[in-house]
Amino acid sequence: MSKKPYYITTAIAYTSGKPHIGNSYEIVLADSIARFKRQQGYEVFFQTGTDEHGQKIENKASDAGITPKEYVDKIAGEIKHIWDIMNTSYDKFIRTTDTYHEKQVQKIFKKLYEKGDIYKGYYEGLYCTPCESFFTASQLADGKCPDCGREVQPAKEEAYFLKLSNYTDRLIQHINTHPEFIRPESRKNEMMNNFLIPGLQDLCVSRTSFKWGIPVDFDDKHVVYVWLDALSNYITGLGYDADGSHGELYEKFWPADLHLIGKDILRFHTIYWPIMLMALDVPLPKQVFGHPWLLQGDGKMSKSKGNVLYADELVNFFGVDAVRYFVLHEMPFDNDGVITWELMVERMNSDLANTLGNLVNRTISMSNKYFGGTVNNAGVKEPVDEELMEQALAAPKKVVARMEQLRVADAITEIFALFKRCNKYIDETMPWILAKEEEKKGRLETVLYNLVESICIGASLLESFMPETSSKILKQLNAEARTIDELEQYGVYPSGTKVTETPEILFARLDLQEVLDKVEDIKEAEEKETETSGERGEQSGNSQAFIDLPAKEEITFDDFMKLQFQVGEIIACEEVPKSKKLLCSQVKIGSQVKQIVSGIKAYYSPEEMVGKKVMVLVNLKPAKLAGVLSEGMLLCAEDEKGGLALVVPEKDMPAGAEIC
């Protein structure tokens, strides 16, 4: 009998920079679902990838002095590397610069235009470059982008539009008749009440103000707008053909069983994407799940805020499966989760090293000590065995029920509840006491068998979430992972099997202070990068009316005249790789352009810097900061709490004007 197909996707990662742990959470979450479906017997197709077009990419490539394709090749490689580090089992990694994808997007665009669902007009509104989105004034939050909080700029250009109004009523009806379509329930209510019911504006689907995009083949002034391009990946990756000659994968796996996305891009996936599919006469995906955010401390991770944690950094501290366990177990179903170094260490020590690692170690050690490693089921049962066996048999059913609801954290909790029950069973049966009496040998064998069998069940269930750990446990027990169907019986572990002689330490306990000290060392090393810039501290609120500073040694007028201050105009800015504090700006000063590195990333995003007129110390001796040459210094004011603000001319002055 052929397996039932299951198609799961993540949102494709935007190639603007290295993904942080909050971005990596999504791929690990999707991987755990994909692995579990395979364990249930499904034929799974798991797709992820990268979104590589748009004005922001064009700008970043220009700032870096390379082509957009060279830029996205590098970042896509970094993203794929992180996905691989996290041991994710994707079947396809699609890139929106793939030739077959670009060709199909052009055909999709033309098909919708010829149907009359796309028309030419012009767009006038407020544009956020980082989000690649237009907004009306009423949609802004305190005058800024409602999605990322950055500045928006007025924009007017000729554009093509998708007639959302043609399909709004049909989409509302679909959502009402398919309650499982948008999950969790709160996300559905948000889309209905905030967007669909008030009415939709037609969607801009092309741009003329930049070139890095898929050309509209019948109007070469336009490139396809990033969202129509990016969203189409879910069908082009399967071999969808707008002319109807679909590939085998598309015929087998579409419609998608699950689009797994972040809650911040829910509108695009539950409104724009379904309407695009309706216009193409393509079935809608069965479910879109908008997962919450993983927060650092009490705020959303953002490079501009300087509070970013990366998956590879965490893996260096804790290992792959420990990081997988943490991001999956600590993320609630409908609310944002929190990640801190302290919480990571606590979970490492209590859940992984103690509850799980110590259980496996003790069980194997006792089997070797008392029976030379051979595990026999002597069948000498006592009432205390029943509760353990009942929980072991109930665990797979509970895990399946939780996973059907996409409550992954709850599923993991059920598995660890079984491991905790095993530890309690050891305390109840006291094998070390049984070992003292020869007539209790059969009972001791049965106790150890029950422990090994229950651990095998738990380890098999753990495979989807912590695959390396599951494999290590089962290998030490000389057992194979079981499918979900095979977990319906207790006592499958072959009596007489021999476990490993020396148990492997699965998770070593960590000293919190040692971890925090290492983290602090890393931070201090990064701070030293910015010592020569004279800019330090964290962003603060309002400053007090005055600040008294200790007086420095007096200088002569001749000393002052050695310093050359000029007005500079920032024409490009980007983040310095591997630095949490540095921005690299290209500053026009007269007819020259100087590269200046500044430790102000916590206070300004690269997008905010571009276009600013600033005061520059021009003749500072060049120095390398984080391996990047800096040829001057931007002047900043600093308040009593270390908050920084660029010093700018009161009036508009030309780039190169002398400050005297």
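Since every read-out is calculated from the coordinates, none of them should be taken as a lab result. Just so you know, these numbers come straight off a predicted model, no measurement behind them. Glycine also receives a Cβ, built like all others from the backbone with ideal geometry; neighbour counts cover every protein chain displayed.
Values as computed for the structure displayed
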{"item": "Calculated Rg and Dmax of the Cα atoms in Å (choose from [x] 39.2, 145; [y] 28.8, 89; [z] 29.4, 99), label", "result": "[z]"}
{"item": "Full-stretch length increase - Tyr122, Thr208 - with 0.36 nm per residue and alpha-carbon distance subtracted", "result": "29.9 nm"}
{"item": "Nitroxide proxy distance, nm - points 7 Å out along Cα→Cβ at Ala64 and Val338", "result": "3.5"}
{"item": "Extension gain (nm, one decimal) between Glu114 and Trp432, 0.36 nm per residue minus Cα-Cα", "result": "106.5 nm"}
{"item": "Calculated FRET efficiency for the pair Asp142/Leu295, C-beta based, R₀ 25 Å, to 0.05", "result": "0.75"}
{"item": "Residues with amide H under 5 Å from that of Ser133, placed H, sequence gap 5 or more", "result": "Cys128"}
{"item": "Relative contact order, percent, the chain [alpha-carbon distance under 8 Å, six or more residues apart]", "result": "12"}
{"item": "FRET efficiency, 1/(1 + (r/R0)^6) with R0 25 Å, evaluated for Asn189 and Glu404 via beta carbons", "result": "0.70"}
{"item": "Debye intensity ratio in log₁₀ form over the Cα atoms of segment 161-319, taken at each q of 0.12, 0.18, 0.19, 0.20 Å⁻¹", "result": "-0.68, -1.20, -1.25, -1.30"}
{"item": "Principal axis box of segment 233-386, alpha-carbon based, largest edge first, Å", "result": "70, 46, 30"}
{"item": "Radius 11 Å from Cβ of Cys128, net charge of other residues (Lys, Arg +1; Asp, Glu -1)", "result": "-1"}
{"item": "Pair-distance profile P(r), taking every C-alpha pair of segment 145-210, with 5 angstrom steps and integer %", "result": "3, 13, 17, 19, 19, 14, 10, 5, 0"}
{"item": "Charge sum, other residues only, whose C-beta stays under 15 Å from Glu346's C-beta, Lys/Arg counted +1 and Asp/Glu -1", "result": "-3"}
{"item": "Stokes-Einstein D in µm²/s, Kirkwood radius over Cα pairs - segment 372-429 at 37 °C with 0.692 mPa s viscosity", "result": "255"}
{"item": "Normalised alpha carbon radius of gyration of segment 314-407 [divisor 2.2 N^0.38 Å]", "result": "1.43"}
{"item": "Model label zone, Phe560; criterion: amide N under 18 Å from point 7 Å along Cα-to-beta-carbon; scope segment 645-660", "result": "658-660"}
{"item": "Extension gain from Ala623 to Ser245, taking 0.36 nm per residue of separation minus the Cα-Cα distance", "result": "130.2 nm"}
{"item": "Per-q log10 I(q)/I(0), segment 1-110, q = 0.10, 0.13, 0.20 Å⁻¹ (Debye; single scatterer per alpha-carbon; no solvent)", "result": "-0.35, -0.56, -1.05"}
{"item": "Neighbour-count ranking [beta-carbon atoms within 10 angstrom, fewest first] of Met331, Met278", "result": "Met278, Met331"}
{"item": "For segment 477-492 and segment 1-68, distance of Cα centres in Å", "result": "32"}
{"item": "In segment 71-205, lysine pairs closer than 16 Å at Cα, eight or more apart or cross-chain", "result": "10"}
{"item": "Residues whose placed amide H lies under 5 Å from that of Gln296, excluding near-sequence neighbours", "result": "Met301, Ile339"}
{"item": "Cut-off under 5 Å, modelled amide H: who pairs with Thr497 long-range", "result": "Val375"}
{"item": "Centre separation in Å (Cα based) which lies between segment 181-231 and segment 360-407", "result": "51"}
{"item": "Virtual paramagnetic centre 7 Å along Cα→Cβ of Ile85, amide N under 15 Å, in segment 5-27", "result": "17-27"}
{"item": "Helical contribution to [θ] at 222 nm, DSSP H n ≥ 4, -39,500 (n - 2.57), averaged over the chain, rounded to 500", "result": "-11500 deg cm²/dmol"}
{"item": "Separation in nanometres of the label points that stand 7 Å from Cα toward Cβ, at Lys397 and Lys578", "result": "5.5"}
{"item": "Evaluated at q = 0.11, 0.16 Å⁻¹: base-10 log I(q)/I(0), Debye formula over Cα of segment 96-188", "result": "-0.53, -1.06"}
{"item": "Viscosity 1.002 mPa s, temperature 20 °C, Stokes-Einstein D of segment 467-509 from Kirkwood C-alpha radius, µm²/s", "result": "180"}
